[in-house]
1. Measure nothing but the geometry: give the 0 to 90° angle between the long axis through the Cα atoms of 406-423 and the longest principal axis through the Cα atoms of the chain, rounded to 10°.
2. Heavy atoms only, probe 1.4 Å: what % of the accessible area of the chain goes to carbon and sulfur, would you let me know?
3. Along the principal axes of its C-alpha atoms, what lengths does the stretch 1-71 span, in descending order and rounded to whole Å?
4. Calculate, in nm to one decimal, what residue 338 and residue 193 gain on full extension: separation in residues at 0.36 nm each, minus their alpha carbon distance.
5. Given the Cα-Cα distance of residue 312 and residue 280 and 0.36 nm per residue of separation, how much length would full extension add, in nm?
6. Where does the longest stretch of the chain lie that holds no GluC sites (Glu not before Pro) found in a DSSP loop with 12 or fewer other Cβ atoms within 10 Å?
7. When every alpha-carbon pair in the stretch 62-148 is counted, what percent end up more than 14 Å apart?
8. Output the Kirkwood hydrodynamic radius of the stretch 307-364, Cα pairs only, in Å rounded to one decimal.
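The values are calculated or read from the model by the stated rules, or taken from the named source; none is laboratory data. Predicted model only: the values in this text are computed from it and were never measured. Virtual Cβ from ideal backbone geometry, glycine too; neighbours counted across all protein chains shown. To get the accessible areas, we keep the full protein, side chains included, count just its heavy atoms, and leave off ligands, DNA and RNA. Shrake-Rupley method; radii C 1.70, N 1.55, O 1.52, S 1.80 Å.
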Amino acid sequence: MSPPLRDLIDDRPMSGFQWSVVAVCVLLNMLDGFDVLVMAFTGKAVSADWGLTGAELGLLLSAGLVGMAAGSMFIAPWADRLGRRPVVLGCLALASAAMLLSAASQSAAQLGVLRAFTGLGIGGILATSNVIAAEYASRRWRGLAVSLNSTGYALGATIGGLLAALLIGQYGWRSVFLAGGLATAASIPLVWWRLPESLDFLLVRRPPRAVERINAVLARMGKPRLGELPEREPAPKGVGYRELLTPRLRRTTLVLWAAFFCVMAGFYFVTSWTPALLVEAGLSPTAGITGGTLLNVGGIFGAALLGLLAARFALRAVLAAYLVVTGVLLAVFIASTASLAVAFAVAALIGVFANGCVAGLYTLTPIVYAPAVRTTGVGTGLAIGRAGAILAPALAGALLDGGWTPQHLYVLFCAVFVVTAALLVLLRVRAPVDTGATRLSTHARTQGTSS
């Protein structure tokens with residue numbers, strides 16, 4: 001008899017097909033990085049074109065984040081019921097249509113609504129693609145696979161900023177939305193061709209032709225075929241939000257929600273306010289923009305580094321270390337502005353570790369939840385995180401108006417990251433007790449070889 005199906009993925013070397021699945025997920029996150037920040041890239045041009053006030057532009061910038069929170073909370077969980085692949089395809093269609101329509105919008109109100117719909121699609125994609133990458137990666141490379149998704153997001157944001165600068169100068173701000181919409185729409189055939197359904201979903205939910213679909217994927221992975229699915233009890237009907245707060249998952253869920261809220265709040269404070277706060281601390285506007293850019297550049301490397309470390313060390317320990325180092329760097333950041341070179345170096349390091357903290361949560365969450373509630377768990381965590389992302393920049397502005405200095409703000413968020421590291425001690429990281437998947441992967445045996 002061959003090993004259980006889950007063991008074939010967890011304990012054996014990854015095939016080229018498995019890495020290609022991860023690559024598609026990275027590409028999806030690159031597109032999301034562009035689509036999420038397209039309003040930031042075009043905000044000045046849109047404001048000048050329509051004569052928007054600062055408050056109106058702020059609403060446009062927030063609309064996408066609100067949509068992402070709603071997409072993570074209400075759309076992503078359907079991947080646990082309908083399948084990962086159809087949810088990704090549907091969200092891609094929604095995001096691309098909203099981006100293309102944004103290019104033709106005639107008012108700030110229209111653009112705001114379309115940004116919210118774009119965010120809905122992106123929220124569903126981010127949660128689901130991270131789960132797919134985790135489920136197709138081996139145990140050793142799972143951390144790297146999910147972390148590469150965060151790297152893709154940072155790459156998409158960086159490339160999108162460069163592309164936007166070129167397009168706006170020649171063709172106007174609408175061309176940036178058009179380019180993003182076309183690129184997102186062009187990814188749909190690729191996903192249809194190259195992104196399979198999750199094997200964990202097929203094992204747990206057992207839709208029609210589950211065995212045939214599993215064997216087709218196994219053949220592409222070069223793994224032995226599955227003979228038949230064993231008898232098991234139907235998956236419980238309570239799978240969903242309520243399942244996350246059952247006694248066996250309640251502590252895990254609450255710790256993850258708190259961690260997502262704190263980390264995303266700190267991350268968006270840093271990325272939103274650093275250019276302005278560096279100027280407030282005495283640097284020139286150009287130096288402030290450079291410092292903010294270095295945060296994104298550092299982020300490209302931070303997520304990948306976390307994934308490599310997670311391949312050798314316990315993921316929770318690596319993430320806790322990232323959180324503490326991020327806190328220390330924030331505490332010394334403003335003091336480092338006495339030397340421009342040192343300030344830029346610290347900014348790049350903050351980008352490395354702050355982005356790594358986000359990537360670490362993306363990587364940790366699929367591990368602690370069973371397949372039946374995995375996307376629901378990731379999606380709700382991301383939604384809670386988006387709430388922190390929306391509230392933190394506004395809180396920082398209110399504290400500045402109240403007399404806080406930049407140093408005070410960075411020390412505050414230093415404490416946020418360090419407290420989050422302490423919270424991880426309460427997290428139970430172990431093989432999840434599944435509603436059927438554990439029994440299934442334990443008893444399912446593959447028979448024969450692919451014909």
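1. Rounded to the nearest ten degrees, it is 10.
2. Whole-percent figure for carbon plus sulfur exposure: 68.
3. 70, 23, 11
4. 46.8 nm
5. Going from the current span to full extension adds 7.4 nm.
6. By the stated rule (loop sites, at most 12 other Cβ atoms within 10 Å), 1-227.
7. The calculated P(r) of the stretch 62-148 puts 64 percent of pairs beyond 14 Å.
8. It is 11.9 Å.
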